[in-house]
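One structure is given below, encoded as structure tokens.
The values are calculated or read from the model by the stated rules, or taken from the named source; none is laboratory data. Predicted, not measured: the structure shown is a model, and the values here were computed from it. No Cβ is skipped: glycine too gets one built from the backbone with ideal geometry, and neighbour counts run over all protein chains shown. For accessibility, only protein heavy atoms count, side chains too; no ligands or nucleic acids. Shrake-Rupley method; radii C 1.70, N 1.55, O 1.52, S 1.80 Å.
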Amino acid sequence: MRVAIVTGAGSGIGKSAALAMLKDGYNVGLVGRRKDMLEKTAAESGARDRAMVLPADLTKDAEVKAVFSEIRSKWGRLDVLFNNAGMGAPAVPMEDLPIEKFREVVNINLVAMFMCTQEAIRIMKAQDPKGGRIINNGSISAHAPRPMSVAYTSTKHAVTGLTKCISLDGRKNDITASQIDIG
């Protein structure tokens, strides 16, 4: 049995990735804020028995822990984490972006990814055989910023650093990290 968690699985890239993994035979934890959208992904998959709908706000520590605990409890392992949940901010001059919006983007694009990664590593280190893969959704903005995108671009640069650290630190436990930069 192969087990994956996909964050942001209710729409877009996350939904497409979750459907592809379910089609390939994975058991998949579908994570996102909107339960109705996650339910639609599960129904569309044709593999409802292997799709676990896990609505959660990944900026909340307890909800992140609950998602990974539920996966471990039901399936006993985790082979792949696709850190895909994210958001942007309005395209405004940097000096006009409210600090609350900047923090919101940092919390979902970076802090939530870090928390999910921590929980994934805990499972991957303890399972037999140990190891797994963590895939982070970066962005072309990590290499070529767009005007008026300070919050999004800053987090995507940080995702690159996070991915490199996970890759280095995970080696001794057969945990691999990679990043996709769509755009």
**Asked** In segment 137-171, what residues are crowded, with 23+ Cβ neighbours inside 10 Å and among the charged types (D, E, K, R)?
**Response** Lys156
**Request:** Could you look through segment 103-113, keep only residues that are of a type outside the set (Lys, Arg) and open to solvent by 60 Å² or more (accessible area, probe 1.4 Å), and pick out the one that is nearest to Thr160 (Cα to Cα)?
**Result:** Asn107
**Request:** Name the residue, out of Lys65, Lys74, Lys40, that is open to solvent by 70 Å² or more (accessible area, probe 1.4 Å) and within 14 Å of the chain's Cα centre (by Cα).
**Result:** Lys65
**Complete:** Scanning segment 84-102 for residues that are surrounded by 13 or more Cβ atoms within 10 Å (Cβ to Cβ) and under 24 Å from the mean Cα position of the chain (by Cα) gives Asn84, Ala85, Gly86, Met87, Gly88, Ala89, Lys101, Phe102
**Prompt:** Among the residues of segment 1-37 satisfying the criterion of being open to solvent by less than 10 Å² (accessible area, probe 1.4 Å) and assigned to a helix (DSSP H, G or I), which is nearest to Ala85 (Cα to Cα)?
**Reply:** Gly14
**Request:** Sort out which residues of segment 131-183 are among the small types (Gly, Ala, Ser) and without any contact (Cβ under 8 Å) to a residue 12 or more places away in the chain, and write them in order of number.
**Result:** Ala144, Gly161, Ser167
**Prompt:** Does Val80 qualify as being surrounded by 17 or more Cβ atoms within 10 Å (Cβ to Cβ), among the β-branched types (Val, Ile, Thr) and in contact with a helix residue (DSSP H, G or I) (Cβ under 6 Å, 6 or more places away or on another chain)?
**Reply:** no
**Request:** Output yes when any residue across segment 127-135 is under 16 Å from the mean Cα position of the chain (by Cα) and open to solvent by 50 Å² or more (accessible area, probe 1.4 Å), and no when none is.
**Result:** yes
**Prompt:** Can you name the residue in segment 172-183 that is open to solvent by 40 Å² or more (accessible area, probe 1.4 Å), more than 17 Å from the chain's Cα centre (by Cα) and at pLDDT 95 or above and, of all such residues, is nearest to Thr7 (Cα to Cα)?
**Reply:** Asp174
